[in-house]
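S.K.: Before we start, here is the structure in question, set down as structure tokens.
Throughout, read-outs are computed from the coordinates displayed, never taken from laboratory work. This structure is a prediction, so every number in the text was calculated from the model and none was measured. All Cβ positions, glycine included, derive from the backbone under ideal geometry; neighbour counts span all protein chains shown.
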């Protein structure tokens, strides 16, 4: 696919080229919420446009890849190519060189793969793929309510002069705050002062304004959905494999800046993350569902956002 730099004000226009008959059909989300029309898949916004003098643009994405069952790394890279990303945080990713092989397709050479697989299942690790060197790499393990263990893979980076603390995570969703993995993250990571600009991306298994994610607002953490004025209640990032029901927006990019002011200038949910119709993959389960849903790359949809940093 031809490499494209997406102008801030034109992010929505990309959607028109993506849409096809598969996505023109509106499917219900538990009978109440519909998937968006092609004009609403992504949204751009630049706050106080006339007064902002951008210093640095950095693009992030997050993707739960269903332990690599429905897509090869090269296909993931091809899908992401047009977004010109600087950081991708994966969850439910296979161990070994899977993440690095996605990086080969994108020219992103710096990788950190965690050692803790979600719920101790096979090939459900977290990883960070970056266009710039990663350092101080680590992993925080969480034993909380729901399936366990969960974890956050962490690394620092300095991208075009912007110091970043990056977390890639996959945690169980909970309606109650107490004892949840989200509460652990709020207390032990988000509430602690840091000299870097903090970004936490991944599959949180919770809707933005419900359940265990509520305390995030209290510690000054922002969501791309709110910054882009996208009503996440009307969209979905995950389709349940067995039932075919939409789960809503449970994948998120949260951030908390320290040294620079930041605006979220564009981003959204990538609904066209599919293999070509002629693709054939060997799998020991979910083959029927894969074909039924149009051969997607995962049961989750990737999300992305562009940030503009300034003094």
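S.K.: Quote to one decimal, in nm, the extra length available between residue 289 and residue 310 on full extension: 0.36 nm per residue of separation minus the C-alpha distance between them.
M.R.: Full-extension gain reported as 3.0 nm.
S.K.: Enter the Cα centre distance for the pair the stretch 266-304 and the stretch 119-193, rounded to the nearest angstrom.
M.R.: 25
S.K.: Can you tell me how much longer the chain between residue 55 and residue 74 gets when fully stretched, taken as 0.36 nm per residue apart minus their C-alpha distance, in nm with one decimal?
M.R.: 3.6 nm
S.K.: Can you sort 187, 137 by how many other beta carbons sit within 10 Å, fewest first?
M.R.: Exposure proxy ranking, most exposed first: 187, 137.
S.K.: While we're looking at this one, here's another question. Compute the length gained on full extension between residue 176 and residue 104: take 0.36 nm times their separation in residues and subtract their Cα-Cα distance, giving the result in nm to one decimal.
M.R.: Taking 0.36 nm per residue and subtracting the Cα distance, the gain is 21.8 nm.
S.K.: Could you state the orientation-averaged shadow area of the convex hull built on the Cα atoms of the stretch 114-189, in nm² to one decimal?
M.R.: Taking a quarter of the hull surface, the average projection is 5.5 nm².
S.K.: Still on this structure, please answer the following. Could you compute the FRET efficiency for residue 119 and residue 240, with r as their C-beta to C-beta distance and R0 at 22 Å, rounded to 0.05?
M.R.: It comes out at approximately 0.85.
S.K.: Report the Stokes-Einstein translational diffusion coefficient (µm² s⁻¹, integer) for the stretch 192-285, Rh taken as the Kirkwood radius over Cα pairs, at 37 °C with viscosity 0.692 mPa s.
M.R.: The calculation lands on 210 µm²/s.
S.K.: Under the Kirkwood approximation applied to all pairs of distinct alpha-carbon atoms, what is the hydrodynamic radius of the stretch 123-237 in Å?
M.R.: By the Kirkwood definition, the hydrodynamic radius is 15.0 Å.
S.K.: Given the peptides 62-71, 99-108, arrange them by the average over their residues of other C-beta atoms within 10 Å, most packed first.
M.R.: 62-71, 99-108
S.K.: Apply 1/(1 + (r/R0)^6) to the Cβ-Cβ distance of residue 260 and residue 137, taking R0 = 25 Å, and write down the FRET efficiency to the nearest 0.05.
M.R.: After rounding to 0.05, the efficiency reads 0.60.
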